[in-house]
Structures are given as C-alpha cells and as structure tokens.
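Worksheet: the structure to be examined is printed underneath.
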Amino acid sequence: GAVVSQHPSRVICKSGTSVKIECRSLDFQATTMFWYRQFPKQSLMLMATSNEGSKATYEQGVEKDKFLINHASLTLSTLTVTSAHPEDSSFYICSARDFRNPGTSIDEQFFGPGTRLTVL
Amino acid sequence: AQSVTQPDIHITVSEGASLELRCNYSYGATPYLFWYVQSPGQGLQLLLKYFSGDTLVQGIKGFEAEFKRSQSSFNLRKPSVHWSDAAEYFCAVGARWDDYKLSFGAGTTVTVRA
C-alpha cells in the first residue's frame, strides 16, 4: 500500500513552453502533497506544500507564478512549470501523506519516483 | 535556520564490509530524524526514523542509526553490506512545529564493490 505515482517519468520540452507533472496517490487519500526539486548530486529542496482544496504554500525563493500547483482532489496534485527555461531542468519529486488519518505519524510521507524535466 | 550535513559525498565499500554514513544537523530543537534510500528510477524509501526514546533505532534491510544529542548526529550503519545496498542515501529532519516539512542532506552515494 501507500503508493505514489508521477507522470510523466521523463519529459523534454522546448524553451518557452509549459509542462504539467502529475502526482497521484494510488491507494490512499492525500490531504497534503509536497513538491521537491532535486539538482544532480544535490539535495531535495522543498518547493511547496499543497493542501487539497486550498492554495499551495510556497517556500521562500520559489516563484509561485512559474510553478503552478493544483491539488483539486484527494488523489491528485499537479505541478505546471510555465514558460520553461533551461535552468528549470531538474528532477521533480512529489510526496504525499494523509493528515486526517488518526495515528498517522510524521513518517508516513510517501514519495513518488520523480519526473526528469529537460528544457532545450 | 535548520540544516542537514552529510559530509561524505561518495563512499565505496566492499561487499560484506561494514558501512557508516554520517549525518549532522542544526535545528532549533531536537527534530524528528530520518534516513531514506533512493535507487535509480524509484522513489525515496524510508529506512528508519527517530522521534524520541531509545537512541539506537533499527530499520529495514539491516540498517540501524544512533542519535547522539551532544554531537547533533544521526549516523547510519550496517554491519555487512550487500551489493543491493548500492544507492543514494539521504538524511532528513523535520518537526511538528515546522508543519512536518522535511529538510534533506545532500546525500551520500554508496558504491559496493565485489
């Protein structure tokens, strides 16, 4: 159980276009999803926290107009990279957890396999 | 500000040898501490965690970690490494008062030689 999927796993796009990445919780309801960015040989950096039915909370330095996050249902959150540029090329990872579930502890944050974005 | 340091970028060990990965943190209070493993094409998998209590915690795949408050460390160990342990390992910290957000270290790549 507790599987999180991401689609696509890899995407290549031209500079100036927008790309949408989906994050799905397959067998549980995710009231909260987190989006991370990972550069090669570097750590995961939290970009934003997405709560179902409300606006995402972005970390300092993350452009909310560039990285649009939507969490319209309990099983799906999307990250749209708008007007992508080569510097947006990175590995994007989502994680999900269900804060409503009694007894859920902090460790129940399940990670997706990631999406490799390459902007030409 | 909170930070997590993994001093070793890359470690190579022989199969069957012991492994220790270092993690140091800087945080406002004792945080929740985690070790994750990331294999190519797969999501992060939780190896073990520390919230409170016994400072030596056991995890999956034969890993253990020891919390040392005086050293602000949470080092990961495995007595005998298997070839399948080759992966990227991340130490992470989080806290209830910080909305459970996780801060990750830069990661340590483990290579296992036959």
### Query
In the set B:Val13, B:Val37, which member is buried (at least 20 other Cβ atoms within 10 Å of the Cβ), within 12 Å of B:Val110 (Cβ to Cβ) and modelled with pLDDT of 90 or more?
B:Val37
### Query
Only one of B:Pro31, B:Pro7 is surrounded by fewer than 19 Cβ atoms within 10 Å (Cβ to Cβ) and not aromatic (Phe, Trp, Tyr); which?
B:Pro7
### Task
Go through segment A:12-37 and give me each residue that's farther than 21 Å from A:Leu76 by Cα and open to solvent by 20 Å² or more (accessible area, probe 1.4 Å).
A:Ile12, A:Lys14, A:Ser15, A:Gly16, A:Thr17
### Task
Please go through segment B:71-109 and pick out each residue that is closer than 21 Å to A:Gln38 by Cα, aliphatic (A, V, I, L, M) and within 14 Å of another protein chain (Cβ to nearest Cβ).
B:Ala87, B:Ala92, B:Val93, B:Leu102, B:Ala106
### Task
State whether one or more residues within segment B:66-76 are in contact with a Lys or Arg (Cβ under 6 Å, 6 or more places away or on another chain), surrounded by 16 or more Cβ atoms within 10 Å (Cβ to Cβ) and within 12 Å of B:Val4 (Cβ to Cβ).
no
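Yes/no matrix, rows are residues, columns are (1) at pLDDT below 95; (2) of a type in the set (Lys, Arg):
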position: B:Ala65; (1), (2): no, no
position: B:Arg69; (1), (2): yes, yes
position: B:Phe74; (1), (2): no, no
position: B:Arg77; (1), (2): no, yes
position: B:His82; (1), (2): no, no
position: B:Ala86; (1), (2): no, no
### Task
Collect the residues in segment B:39-70 that are among the hydrophobic types (A, V, I, L, M, F, W, C), in contact with an Asp or Glu (Cβ under 8 Å, 6 or more places away or on another chain) and away from chain A (no Cβ under 11 Å), keeping them in residue-number order.
B:Leu56, B:Val57
## Note on the structure
Taking segment A:1-23 and keeping residues of a type in the set (A, V, I, L, M, F, W, C), within 12 Å of the chain's Cα centre (by Cα) and within 10 Å of another protein chain (Cβ to nearest Cβ) leaves A:Val4
### Task
Hey, could you check segment A:88-118 for residues that are over 21 Å from B:Phe104 (Cβ atoms) and more than 14 Å from every other protein chain (Cβ to nearest Cβ) and say which is modelled with the lowest pLDDT?
A:Pro102
### Query
Going through segment A:39-74 one residue at a time, which ones are open to solvent by 20 Å² or more (accessible area, probe 1.4 Å), touching a Phe, Trp or Tyr at 6+ places or on another chain (Cβ under 8 Å) and closer than 16 Å to A:Phe111 by Cα?
A:Met45, A:Leu46
### Message
Can you find, within segment B:77-109, the residue that is surrounded by the fewest Cβ atoms within 10 Å (Cβ to Cβ) among those that are within 12 Å of the chain's Cα centre (by Cα) and among the β-branched types (Val, Ile, Thr)?
### Response
B:Thr109
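Identify, from the list B:Gln58, B:Gln6, B:Gln38, B:Gln42, the residue that is within 23 Å of A:Pro40 (Cβ to Cβ) and free of Cβ contacts under 8 Å to residues at least 40 places away in the same chain.
Working: B:Gln58 fails: within 23 Å of A:Pro40 (Cβ to Cβ); B:Gln6 fails: free of Cβ contacts under 8 Å to residues at least 40 places away in the same chain; B:Gln38 fails: free of Cβ contacts under 8 Å to residues at least 40 places away in the same chain.
Exactly one residue qualifies, and that residue is B:Gln42.
I'm trying to understand the selection: among the residues of segment A:24-49, which are of a type in the set (S, T, N, Q), within 16 Å of A:Ser5 (Cα to Cα) and either in contact with a Ser or Thr (Cβ under 6 Å, 6 or more places away or on another chain) or within 8 Å of chain B (Cβ to nearest Cβ) (or both)? Break it down stepwise before answering.
Of all residues in segment A:24-49, those of a type in the set (S, T, N, Q) come to A:25, A:29, A:31-32, A:38, A:42-43, A:49.
Restricting the remaining residues to those that are within 16 Å of A:Ser5 (Cα to Cα) gives A:25, A:29, A:31-32.
A:Ser25 - this is the single residue of segment A:24-49 that is of a type in the set (S, T, N, Q), within 16 Å of A:Ser5 (Cα to Cα) and either in contact with a Ser or Thr (Cβ under 6 Å, 6 or more places away or on another chain) or within 8 Å of chain B (Cβ to nearest Cβ) (or both).
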### Query
Has segment A:65-85 got at least one residue that is within 14 Å of another protein chain (Cβ to nearest Cβ) and aromatic (Phe, Trp, Tyr)?
no
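The values are calculated or read from the model by the stated rules, or taken from the named source; none is laboratory data. Note that the structure is predicted; figures quoted are calculated from it, not measured. As a convention, Cβ positions derive from the backbone with ideal geometry for all residues, glycine included, and neighbour counts pool all protein chains shown. Remember, those area values only see protein heavy atoms, side chains included, never the ligands or the DNA or RNA. Shrake-Rupley method; radii C 1.70, N 1.55, O 1.52, S 1.80 Å.
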